[in-house]
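The structure under discussion appears below in the form of structure tokens.
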């Protein structure tokens, strides 16, 4: 029989010591009851199905099924459990994904005990919890997080490691043929890389690309040095032998 006013929880973490520690914390605080535990993502889904808890405390990095994958399954099955993700760090893009998939809260693993209690209570009231505070307006929060994420994303952040190598070679003055020989690519592949680079950075010539790379310091930690041109050294010319009479 369910006790009125008592928040029923399932704790899902692949470390037994973490599960045991969290369970003991909730046992020390009135108004909470840990009704089940899970050691991986699949088991977490099964416990929720069987026990119908109010709140699922879910580690993000779970074996067999990640925390985000658990969220997907719960959403597909229409299970209304409130999920709080336990994570080592909170990043804007990951937060948006988690909230869109149905998470009600994201709590840092190193958070003080009192924040853990407050987070669970806030989520039970229909609020959201991100980091160390409750959030009432989810829409505004999502817009703010997405805006911050978009500000962090520069055109150069979309470059692949190979494209950065090609840029380094272009700055060194290498031709397409020389770049291909250096990296074991066909000239057509090099042209394809250049086309993608031009599109991503909004430049149209090799000179503009080189200037862009220097101005935006794209090659500050480049993996390719000036020797990337790999031009073979011209053989030294032998002096002509004098004819002797």
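Tabulated data
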{"item": "Per principal axis, descending, Cα span of the range 179-219 in whole Å", "result": "28, 19, 14"}
{"item": "Residue order, fewest to most surrounding Cβ atoms within 10 angstrom, among 59, 20, 172", "result": "20, 172, 59"}
{"item": "Taking only Cα atoms of the range 1-96, radius of gyration then Dmax in Å", "result": "13.0, 41"}
{"item": "Full-extension gain in nm, residue 51 to residue 72, via 0.36 nm per residue minus C-alpha separation", "result": "5.7 nm"}
{"item": "Largest-first ellipsoid semi-axes for the range 155-229, taking √(5λ) over the Cα gyration tensor eigenvalues, angstrom", "result": "17, 14, 11"}
{"item": "Distance in nm between pseudo-label sites at residue 205 and residue 64 (7 Å out along the Cβ direction from Cα)", "result": "6.2 nm"}
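Bear in mind these aren't lab numbers, they're just calculated from the coordinates by the rules spelled out. Only a predicted model underlies this, so the values are computations on that prediction, with no experimental measurement involved. No Cβ is skipped: glycine too gets one built from the backbone with ideal geometry, and neighbour counts run over all protein chains shown.
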